[in-house]
Amino acid sequence: MLAFLGFLTVIVMLALIMTKKASPLVALIAVPVVTGIISSFFRLTEVAEGEPTVVDVMQNIKNLGGYITEASGIGSVAATGVMFIFSILFFGILTDAGTFRPIINKVIGLVGTDPVKIALGTAVLAAIVHLDGSGAVTFLICVPALLPLYDAIGMRRGTLATIVALSAGTMNILPWGGPTIRAATALGQENATEFFMPVMPGFIAGMLCVFVIAFMLGKAEKSRLGTIQLEGGAKYVEPELSDEEKALLRPNLFWVNILLIVLAIVALLKSGFAPAVVFMIFYVLATVINYPNVKESKARVDAHAKACLMMCSVLFAAGCFTGIMKGTGMITAMAETLVAVIPASLGKFFPVIMGVISMPASLLFDPDSFYYGVLPVLAQTAEGLGVSALSVGRAAILGQMTTGFPVSPLTASTFLLIGLAGVDLGEHQKKTIPLAFLVTIVMLVVCLITGGIEL
């Protein structure tokens, strides 16, 4: 019965989110609470000192509160929530200060009118901007900046959308990106950087693959267009900033802010400090250096508070979900059921299967549903078959809402991308999905070779 309730919980939660009958925040809390209460009528005994003991139904219901708040619930995501808040504030402040604007202008200045250089520059620019892990921010910065250049030269807008999607999607695997944080959290790993490090070679191979694809797409555009001269001497025009945005710029602190980014990344990879601690420290440095005035500093927090609240509220709701699912024994029961169904001969290849289906899974599951609802079940099933749960999780982040997020109809940023670029969703998916799948497979193969994903 617990297995049935577990599967019912996941299915109802997915249905509510995917049909937009409820927000992820509501579904992640309401559904497990209801099924958790129902499960209380079927968990009437527990083992105490080797002897079964009858447990009151009301006591089971009261225990749900503990499941939500203890280490396997909200306690497991607390550190990740802190990292979310301070990483958003850190990169948000640097963006407000205009740190990335000179880089954008330099990239655009270097590419000129050569479609190959423009395509490569697009990939580089999207990768740099996506350091903050926000697809919406990446698309809002990259597409309007490059679209006039693409139009003036005659390059296809679909090419722009595809390259930006591939670059941002692959960069989304970084340890402060949403999918990796969710995967680490769902698998009980407090340090997302440690979870990510074994797939670093695969990630690098994926980015190289993106640059190769950008080069090939640029070559195709150059062959189609021939030698190009900008029509009427047209050139890229930098978008105008509002007076408020201009007041926030700190051009004299450009190299200081670049140094902060480099040091933050080095600290994440080498210091041994938890990511939350690293971003807390570097947020303080960024805000003190750029906006030392208390009023300005508070205004920057207010400006990014919405993004922080949205991401962290869902994260803590996911802690409620996983706490109840684990505490009531539903996840264990589901895993035992799947182990009984899946042939043992396929168990060894579970991570490979996960890696192959990870990108297409983005078309079916939003990140919260997959990482907090599906992945824990798959991971525990894998362990039942003698396979590392972490390998399954690492295989999942190679495609599920990473390379797959900018083509998924389940993410609002996909529609932002195609809306800004002025391309049709179907055409965008037709062109980008095979290439995104290729990047995922390349990363999977490299991770298998280097041992980042173990069989």
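Here are the numbers:
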{"read-out": "Mean accessible surface per residue for the chain, computed with a 1.4 Å probe while every protein chain stays in place, in Å²", "value": "42"}
{"read-out": "Alpha-carbon Rg with Dmax, taken over the chain, Å", "value": "23.4, 87"}
{"read-out": "Gained length - A340 relative to F42, 0.36 nm times residue gap less alpha-carbon distance", "value": "105.1 nm"}
{"read-out": "Between helix 135-153 and the chain: long-axis angle, C-alpha atoms, 0 to 90°, nearest 10", "value": "30"}
{"read-out": "Order of exposure, largest accessible area first, which applies to K348, K21, K222 with probe 1.4 Å", "value": "K21, K348, K222"}
{"read-out": "Over region 346-435, equivalent-ellipsoid semi-axes from the Cα gyration tensor in Å", "value": "29, 12, 8"}
{"read-out": "Degrees between helix 101-111 axis and first principal axis of the chain (Cα, 0 to 90, nearest 10)", "value": "60"}
{"read-out": "Whole-percent carbon and sulfur share, accessible surface of the chain, 1.4 Å", "value": "68"}
{"read-out": "Subset of K106/K219; K306/K431; K222/K431; K219/K246; K246/K298 violating a 29 Å alpha-carbon distance limit", "value": "K306/K431; K219/K246"}
{"read-out": "Folded to 0 to 90 degrees: helix 350-361 orientation relative to the chain principal axis, Cα", "value": "60"}
{"read-out": "Computed helical MRE - 222 nm, the chain, DSSP H runs ≥ 4 contributing -39500 (n - 2.57), nearest 500", "value": "-23000 deg cm²/dmol"}
{"read-out": "Dimensionless Rg ratio for region 286-357, taking C-alpha atoms and the 2.2 N^0.38 Å reference", "value": "1.98"}
{"read-out": "Proximal lysines to K62, defined as alpha-carbon separation beneath 24 angstrom and excluding residues fewer than eight positions away on the same chain", "value": "K326"}
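The values are calculated or read from the model by the stated rules, or taken from the named source; none is laboratory data. Everything quoted here is computed from the prediction, not taken from an experiment. Surface areas here come from the heavy atoms of the whole protein model, side chains and all, with no ligands, DNA or RNA. Shrake-Rupley method; radii C 1.70, N 1.55, O 1.52, S 1.80 Å.
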